[in-house]
Number of protein chains: 4
Amino acid sequence: MGKIDANKKKKLESLMNTSFELFTTKGINKTSISDIVEKAGVAKGTFYLYFKDKYDIRNRIISHKASQLFAAAYSALQKTDIVIFEDRLIYIVNYILDELTANKPLLQFIYKDLSWGIFKKALLTQVSNDDVDFAQIYQKMIDESTITFKDPEIMLFLIIELVGSTGYSSIIYNDPISVRELKPHLETTIRNIIKQFTVE
Amino acid sequence: MGKIDANKKKKLESLMNTSFELFTTKGINKTSISDIVEKAGVAKGTFYLYFKDKYDIRNRIISHKASQLFAAAYSALQKTDIVIFEDRLIYIVNYILDELTANKPLLQFIYKDLSWGIFKKALLTQVSNDDVDFAQIYQKMIDESTITFKDPEIMLFLIIELVGSTGYSSIIYNDPISVRELKPHLETTIRNIIKQFTVE
Amino acid sequence: MGKIDANKKKKLESLMNTSFELFTTKGINKTSISDIVEKAGVAKGTFYLYFKDKYDIRNRIISHKASQLFAAAYSALQKTDIVIFEDRLIYIVNYILDELTANKPLLQFIYKDLSWGIFKKALLTQVSNDDVDFAQIYQKMIDESTITFKDPEIMLFLIIELVGSTGYSSIIYNDPISVRELKPHLETTIRNIIKQFTVE
Amino acid sequence: MGKIDANKKKKLESLMNTSFELFTTKGINKTSISDIVEKAGVAKGTFYLYFKDKYDIRNRIISHKASQLFAAAYSALQKTDIVIFEDRLIYIVNYILDELTANKPLLQFIYKDLSWGIFKKALLTQVSNDDVDFAQIYQKMIDESTITFKDPEIMLFLIIELVGSTGYSSIIYNDPISVRELKPHLETTIRNIIKQFTVE
DNA sequence: TATGAATGAGGGTTCATTCAT
DNA sequence: CATGAATGAACCCTCATTCAT
């Protein structure tokens with residue numbers, strides 16, 4: 001990578017980091033391109049050399065964050081000796097719930113507007129070369145498991161939506177229950193869902 | 001109600017109907033107050049006589065629609081002779097999924113931005129005198145049932161979030177599956193969740 | 001005065017008192033007719049039955065306040081046994097400076113915009129039947145004095161402008177000196193001005 | 001100075017000149033930003049590139065005008081052979097009264113609202129690099145004089161306020177006397193004030 | 001590639017005034 | 001006399017986007 005390319009990448013990252021900070025702080029609607037470029041220390045026109053508009057940069061940030069989040073969860077899982085599929089999935093769910101509880105702005109950011117769709121898309125398909133996608137990880141977990149599933153994608157769909165939706169409500173609003181209270185219920189439900197999709 | 005009051009109510013409804021149409025067509029962010037008043041045929045200042053801002057009118061529309069939707073579902077349920085609690089709940093879920101499938105803009109509108117929170121709030125608490133809230137209906141259904149539940153509110157929470165989240169994805173994006181395909185899975189999961197909260 | 005007339009006067013006074021309070025608190029530009037009528041507890045249309053607009057009511061308030069202020073000063077003077085003309089004038093000046101120091105919003109109000117002109121006009125001509133004007137008092141003071149003046153109106157003009165202008169700066173901004181420091185200088189200058197207009 | 005910088009200065013001056021004309025013609029309250037930019041031939045947004053708001057541009061205009069006015073007066077004084085302090089000060093006073101008599105809109109503009117405070121501030125402190133401040137000139141005049149003064153700043157304060165206040169009334173309203181009639185009285189009073197502050 | 005001055009449409013909001021009741 | 005709902009022009013200001021440098 002030449003010096004110019006390195007410089008380009010630096011600018012791009014600077015813009016993404018700055019945008020992420022502003023989006024999670026002020027919200028995307030209240031963040032202007034001016035805010036971003038000023039904080040990033042580049043000229044206004046430069047923004048348009050890298051991104052189409054505010055929503056383009058948002059989507060790329062979300063994809064990146066989704067990848068990071070699940071990679072970290074899986075990496076942590078690997079360091080444990082949990083082998084049973086259900087336990088492994090629940091470990092990941094809990095890990096992510098903990099992570100998002102500690103980083104509420106990130107959760108806000110992921111869930112607001114139509115970002116949840118972007119997030120899921122990033123989660124299940126490979127967006128960038130640098131990033132891993134959870135679909136692969138999930139597939140691997142399925143393969144490594146002794147159980148056989150019918151419609152594993154639908155199973156994952158139900159689980160992701162359930163966890164995402166209830167988790168958001170609990171973490172952000174503490175309503176109707178806290179994450180701490182939510183977790184055991186969620187665990188039971190997830191185990192039931194898995195059972196529901198298990199081929200005997 | 002005097003002539004003036006009647007006129008006021010007419011204006012208010014005109015504004016709400018117009019706003020709903022525009023919000024579901026263009027989205028709330030792309031809808032300006034100017035658009036609303038122009039279409040409603042009132043002066044700009046009149047809008048501010050009735051609503052604080054765009055988000056005020058949105059919340060009131062959502063509350064109203066939520067009430068309407070669930071009232072219709074319950075009303076339809078009454079006309080059937082379904083008596084078992086699980087069946088009744090699933091009837092309502094299916095009714096609403098059908099309703100929203102037929103009216104995608106309404107679903108878009110309910111789910112975008114932070115409206116889902118408003119929707120749930122409207123669902124579970126009485127907002128306006130004219131409107132019924134589902135919390136009452138649900139309580140009644142629980143009371144009429146022969147089963148006893150532990151934490152029925154949490155049970156409802158899980159179900160609402162699961163149905164809302166997966167339903168949105170399926171209805172709007174047909175992804176990863178269509179509503180038609182989703183329904184049986186959802187039914188099984190809901191029955192499992194109910195079991196999970198049943199006191200033997 | 002009939003019951004209706006009494007009621008009218010009450011409304012009028014209520015509007016004037018409320019306006020005065022708002023003008024001195026928020027400033028005239030930031031005070032709307034809505035603010036006034038709401039605080040006064042009358043309907044919007046009613047305002048226009050009594051006043052032409054915001055500036056009409058302001059002028060009438062200023063006239064009234066000017067009259068009150070100087071009447072109080074003269075009344076206080078009468079209770080003393082000061083007889084020498086210079087001393088009497090300086091007594092009044094000091095009295096008014098003290099009064100305005102204690103009531104800065106009133107001073108702000110009098111001095112802002114073009115109100116100073118209105119104030120002087122109210123001071124020197126009789127505006128309302130109820131109010132006295134300082135021109136009469138001044139004339140009386142001149143008549144009662146043993147000294148003869150050439151151009152007493154010009155003399156008064158110089159003194160009023162000097163006291164008003166320096167007093168405003170000192171009271172409101174404490175700049176470049178405080179009222180306390182200003183007073184002795186002002187006294188000397190006023191005595192010199194009087195000398196300057198004295199016919200030997 | 002590059003082509004861009006030259007262009008920027010041109011825009012800034014165009015906006016200031018246009019604003020000055022409108023402010024003195026219609027008054028600042030009746031002048032909208034739209035009026036200014038339209039007349040100046042720039043886009044609305046451009047205004048906000050150079051000034052914070054209407055009051056920002058007003059203050060900068062006033063500062064500039066104050067500087068110009070006094071610089072011209074002092075420059076004219078230098079061309080005379082007047083040496084005595086009192087005479088020099090009175091020369092400046094008369095010069096400025098003449099100038100403002102010939103340019104009433106400027107006087108209106110300086111005296112309205114709270115601009116008089118801004119004017120004095122600009123007069124006594126250096127605001128811009130381009131501009132001179134009268135405080136320096138005054139100090140120089142004091143230094144060059146053979147007389148010693150106690151509290152020369154207070155002396156100047158009294159004179160400025162007296163001249164400003166009476167001058168405004170006389171020039172704009174011809175009330176209670178014309179500038180022509182005012183001048184000799186003012187001259188006497190100023191000489192007395194100077195005497196009052198002279199250390200024997 | 002990078003800049004940042006300039007654009008100008010369009011946003012939300014206010015408010016003096018009117019007039020039917 | 002009194003009301004207050006309705007008006008709609010006018011306001012200030014933001015900001016995504018362009019383009020000459």
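The values are calculated or read from the model by the stated rules, or taken from the named source; none is laboratory data. Quick caveat, the model's predicted, so the values are computed rather than measured. Counting neighbours? That spans all protein chains shown, and the Cβs are built from the backbone with ideal geometry, glycine included.
Quick notes on this one:
- Checking the stretch D:90-107 against the condition returns a match, with at least one residue being of a type in the set (S, T, N, Q) and free of Cβ contacts under 8 Å to residues at least 40 places away in the same chain.
- In the stretch D:152-181, residue nearest to residue D:66 (Cα to Cα) [restricted to those that are touching a residue at least 24 places away in the same chain (Cβ under 8 Å) and facing another protein chain (nearest Cβ under 8 Å)]: D:164
- Residue list for the stretch B:69-88, filter: crowded, with 16+ Cβ neighbours inside 10 Å and within 15 Å of the chain's Cα centre (by Cα): B:69, B:70, B:73, B:74
- Selection count where residues are in contact with a Pro (Cβ under 8 Å, 6 or more places away or on another chain) and crowded, with 18+ Cβ neighbours inside 10 Å, scope the stretch C:106-142: 1
- Residue selection: residue A:22 satisfies the criterion of being surrounded by 13 or more Cβ atoms within 10 Å (Cβ to Cβ) and outside the structural domain of residue A:148 (by TED's automatic domain parsing).
- Tallying residues that are aliphatic (A, V, I, L, M) and either within 11 Å of DNA strand F (Cβ to nearest atom) or within 14 Å of chain C (Cβ to nearest Cβ) (or both) within the stretch D:33-42 yields 3.
- Search result, residues across the stretch B:125-168 that are under 13 Å from residue B:194 (Cβ atoms), among the charged types (D, E, K, R) and touching a His at 6+ places or on another chain (Cβ under 7 Å): none
- Test result for residue D:83, β-branched (Val, Ile, Thr), away from every other protein chain (no Cβ under 14 Å) and within 16 Å of DNA strand E (Cβ to nearest atom): no
- For residue C:115, the requirement of being among the hydroxyl-bearing types (Ser, Thr, Tyr), within 9 Å of chain D (Cβ to nearest Cβ) and either within 16 Å of the chain's Cα centre (by Cα) or over 30 Å from residue C:56 (Cβ atoms) (or both) is not met.
- Residue within the stretch D:94-105 that is farther than 17 Å from residue D:173 by Cα and buried (at least 18 other Cβ atoms within 10 Å of the Cβ) present: yes
- Within the stretch A:37-49, residues that are of a type in the set (D, E, K, R) sit with their Cβ atoms under 9 Å from residues that are part of a helix (DSSP H, G or I) and near DNA strand E (Cβ under 7 Å from one of its atoms), at 6+ positions apart or across chains, in these pairs: A:38/A:44.
- For the stretch D:1-17, a residue qualifies if it is of a type in the set (S, T, N, Q) and more than 13 Å from DNA strand E (Cβ to nearest atom), and exactly one does: D:17.
- Consider the stretch C:147-183 and keep the residues that are among the hydroxyl-bearing types (Ser, Thr, Tyr) and outside any loop (DSSP other than H, G, I, E, B). The one that is surrounded by the most Cβ atoms within 10 Å (Cβ to Cβ) is C:166.
- Some residue of the stretch B:71-88 being under 30 Å from residue A:107 (Cβ atoms), part of a helix (DSSP H, G or I) and in the same structural domain as residue B:173 (by TED's automatic domain parsing): no
- Applying the criterion of being more than 11 Å from chain C (Cβ to nearest Cβ) and of a type in the set (D, E, K, R) to the residues of the stretch D:135-151, the residue that is nearest to residue D:99 (Cα to Cα) is D:140.
- Sole exception among (1) surrounded by fewer than 17 Cβ atoms within 10 Å (Cβ to Cβ); (2) in contact with a helix residue (DSSP H, G or I) (Cβ under 7 Å, 6 or more places away or on another chain); (3) of a type outside the set (S, T, N, Q) for residue C:27, by number: (2)
- Considering only residues in the stretch A:43-68 that are within 14 Å of another protein chain (Cβ to nearest Cβ) and surrounded by 12 or more Cβ atoms within 10 Å (Cβ to Cβ), the one that is nearest to DNA strand F (Cβ to nearest atom) turns out to be A:54.
- Hits in the stretch B:1-32 - residues which are more than 14 Å from DNA strand F (Cβ to nearest atom) and in a loop (DSSP other than H, G, I, E, B): B:27, B:28, B:31
- If you go through the stretch B:122-131 and pick out every residue that is more than 9 Å from every other protein chain (Cβ to nearest Cβ) and under 11 Å from the mean Cα position of the chain (by Cα), you end up with 2.
- Qualifying residue in the stretch B:36-56 (condition: within 11 Å of DNA strand E (Cβ to nearest atom), outside any helix (DSSP H, G or I) and among the β-branched types (Val, Ile, Thr)): no
- Qualifying residue in the stretch D:184-196 (condition: crowded, with 19+ Cβ neighbours inside 10 Å, closer than 23 Å to residue D:112 by Cα and at the interface with chain C (Cβ under 10 Å from one of its Cβ atoms)): yes
- Residue match in the stretch A:71-92 (condition: aliphatic (A, V, I, L, M), modelled with pLDDT of 95 or more and in contact with a Leu (Cβ under 7 Å, 6 or more places away or on another chain)): yes
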